[in-house]
Amino acid sequence: MCFYIILGKRQVKKMLRFELKKVFCKFKNRMAVVLLLLILAAVSMLTMNRVEYVDSEGNHISGMMGARSLRAEKQKWKGEITEDVLEAVVRENEVINSSPEALSDDISEQNKAYARKQGISDIAELINNAFSAWRDYDYFTVDHVSQEEAKSVYERRVSNLKQYLDSGEETFTDAQKDYLTKQYEDLQTPFYYDYTDGWSALLQNISTFILVLALIIGFLVSGIFSSEFQTKADAIFFSARLGRNRAVLSKMGAGFLITTFFYFVFVLLYTAVVLAALGADGANCPIQMDMWRCVYNITFLQAYLLIVAGGYVGTLFAATLSMLASALTRSTATAIIVPFIVLCAFPFLSRVITLPGICSFFPDQLLEIYITLKDFVLVELGGRIVNVIGILIPAYALACLLLEPILYRIYKKAQVS
């Protein structure tokens, strides 16, 4: 749309349509779209199967049917997680643990006992996190916590952080410690609880889907600038009246539209399929229900929007670099490799080189916002402490804008072979 506004002429609109037609008249690009649809179906199924329910007979049910039953169980505890609720959860857990099924050595009988805990499992998980050591999580902690102790869950979240910061296990400046402590203290409590398994499953798998989507989009745009040289049509293209100005802009516009259209259509399709199957309840619950130590005071919906925004900027950046490589090298094959290097090779480098500070700013991190939400990655900027996500997204969005005139100038000045 922005390219159409800039050019604003019917002739350019036709040129833009022509560039899009050239991309999708190629058999390999149409097959890439078909492959993307198959991947969408496969990833959606895998995501749906993340949610599992155990019925009263100890049988495991996954997918849509399991999600429906699990939702009914968890929504019995819907509402604010007050001290009374925390006490009730510990009390209910004690009753279930003393049942004949729980005390049995038979796995099927133990599954029946577990089935009764599913409604309180998320709240019990909060208690586990609050009373487990910082780096030594214990699933059975809730079994040893008294009803009175359970009341201090929110206070323990803050005190555990302070204890960790003072332990010397990690190196934080005083300003960073103050920032982390304030973020923890500013989190609104008591938490509002609802069934959130649909959102949780969606967020856990969406980064993988976005990575695949970004690579395929990079494949689709890789030939936009090199095609004229490969078909030996460059002499005609650049000798045309609009060949070195509006025609170049139409190619840039085609790349932008393909990236934007495919990204948002497929991300929204994936989101709609998963949430329709698993349930969209709990969008406004705090993300700490899923990421207890998260320093971002946001909801599941806000976390989703951050992940999608980061993924889009990362995809657009990789696609822009792919088109830049296509214009520079006149090789589609080289352009196809660029997104893979940017989004897949960099994560490998972050595992083999000991530069964690630099690795946190690699472009692949834009597609790993879900993981970043769990970590304490802080940056001091102008005397202020900010989280790395607050830098990554605007910085790479600006980089995409700055690369556009460079791409235009390179292709406009290209020499005819």
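The values are calculated or read from the model by the stated rules, or taken from the named source; none is laboratory data. What you see is a predicted model; the values in this text were computed from it and never measured. Glycine gets a Cβ as well: all are built from the backbone with ideal geometry, and neighbour counts include every protein chain shown. The accessibility values were calculated without ligands, DNA or RNA, using every heavy atom of the protein model including side chains. Shrake-Rupley method; radii C 1.70, N 1.55, O 1.52, S 1.80 Å.
Data table
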| read-out | value |
| --- | --- |
| The stretch 369-389, residues that are among the charged types (D, E, K, R) and within 17 Å of the chain's Cα centre (by Cα) | 374, 375 |
| One residue from 164, 195 being closer than 18 Å to residue 125 by Cα and either surrounded by fewer than 21 Cβ atoms within 10 Å (Cβ to Cβ) or of a type in the set (Ser, Thr, Tyr) (or both) | 195 |
| Hits in the stretch 113-141 (condition: more than 25 Å from residue 181 (Cα to Cα) and in a helix (DSSP H, G or I)) | 113, 114, 115, 116, 117, 118, 119, 120, 121 |
| Some residue of the stretch 51-62 being open to solvent by 50 Å² or more (accessible area, probe 1.4 Å) and under 28 Å from residue 294 (Cβ atoms) | yes |
| Residue within the stretch 18-37 that is farther than 29 Å from residue 205 by Cα and open to solvent by less than 30 Å² (accessible area, probe 1.4 Å) present | yes |
| Helices (runs of 4 or more DSSP H) (entirely within the stretch 275-380) containing at least 1 residues that are at pLDDT 95 or above | 300-329 |
| Any chance residue 253 is modelled with pLDDT of 75 or more, of a type outside the set (A, V, I, L, M, F, W, C), touching a Pro at 6+ places or on another chain (Cβ under 8 Å) and surrounded by 19 or more Cβ atoms within 10 Å (Cβ to Cβ) | no |
| Given (1) within 27 Å of the chain's Cα centre (by Cα); (2) open to solvent by 20 Å² or more (accessible area, probe 1.4 Å); (3) more than 16 Å from residue 201 (Cβ to Cβ), number of the condition residue 42 does not satisfy | (3) |
| Residues satisfying the stated conditions in the stretch 127-148, i.e. of a type in the set (Gly, Ala, Ser) and open to solvent by 50 Å² or more (accessible area, probe 1.4 Å) | 133 |
| Qualifying residue in the stretch 394-404 (condition: closer than 27 Å to residue 182 by Cα and of a type outside the set (Asp, Glu)) | yes |
